[in-house]
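Visitor: First the structure, then my questions, so here it is.
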Amino acid sequence: MKQLFRTSKVLSLVLLTLLVSPAFLCGQGVIINGKELSSEQLSQLEKIYQVKAQAGSYWYDTKSGMYGVVGQPAYGFMYPNHELGELARNASHGNTGVIVNGRELPQAEWVVWSQVLGYWIQAGSYWFDAQGNAGYEGNPTPVVNLYLAASQNGYQGNSGGGDNFWSTRFSAGNSSGGTGYVSLPGGGMVSYGN
């Protein structure tokens, strides 16, 4: 009986602690790269993106701007270079040996990247920037631009309007005069060019 009382008391203290925590009171609880964002950081992001962040645990790649939910593949793009902590190798629970900007790709994401490129990506360490350039980690020279590869390897739509719209099962985009955009499922979009 004493053990049950102690357990009940501990649970009550835990619940009380959760109920009066600032994250609970403010509805924050937004964790990126293992660190909870402050009210100031949340306000800055809301001002930039005009969207209130949903509570949850996310990963963010500073170099490319890619982000996702912890344990999941990439969901979309934000602007690069936000100071939101260090990206963990296991942020997406990767299992492929393909490391991009320090994060190991899970198989589902690896398949998408491979289809965009038109060949299977071999295990190794790579970098990827916000302009779509990618290369081997340790060598600053890009070997491919993923946005251009997606355009070349995907379906070339013909809307009759003379534009360069393209789409695949996993992404879509358009380009004209050296500028364009790529959009991924879930609402992530990045533009490139002038």
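Visitor: Which number in (1) at pLDDT below 90; (2) surrounded by fewer than 17 Cβ atoms within 10 Å (Cβ to Cβ) marks the one condition that GLY29 misses?
Guide: Here GLY29 clears every test but (1).
Visitor: In segment 32-54, which residues are surrounded by fewer than 10 Cβ atoms within 10 Å (Cβ to Cβ) and outside any helix (DSSP H, G or I)?
Guide: Within segment 32-54, GLN50, VAL51 qualify.
Visitor: Would segment 103-119 turn up any residue that is part of a loop (DSSP other than H, G, I, E, B), over 18 Å from the mean Cα position of the chain (by Cα) and at pLDDT below 95?
Guide: yes
Visitor: If I go through segment 69-99 residue by residue, how many of them are surrounded by fewer than 19 Cβ atoms within 10 Å (Cβ to Cβ) and in a strand (DSSP E or B)?
Guide: Of the residues in that region, 3 qualify.
Visitor: How about segment 125-149: which of its residues are out of contact with any strand residue (DSSP E or B) (no Cβ under 7 Å at 6 or more places or on another chain) and not in a loop (DSSP other than H, G, I, E, B)?
Guide: Of everything in segment 125-149, those that are out of contact with any strand residue (DSSP E or B) (no Cβ under 7 Å at 6 or more places or on another chain) and not in a loop (DSSP other than H, G, I, E, B) turn out to be LEU148, ALA149.
Let's see how each residue does on (1) within 28 Å of SER176 (Cα to Cα); (2) charged (D, E, K, R); (3) free of Cβ contacts under 8 Å to residues at least 40 places away in the same chain; (4) buried (at least 19 other Cβ atoms within 10 Å of the Cβ):
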| position | (1), (2), (3), (4) |
| --- | --- |
| GLY118 | yes, no, yes, no |
| GLN122 | no, no, yes, no |
| TRP127 | yes, no, no, yes |
| THR141 | yes, no, yes, no |
| SER151 | yes, no, yes, yes |
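The values are calculated or read from the model by the stated rules, or taken from the named source; none is laboratory data. All figures in this text were calculated on a predicted structure; none of them were measured in a lab. Here the Cβ is made from the backbone with ideal geometry for all residues, glycine too, and neighbour counts use every protein chain on show.
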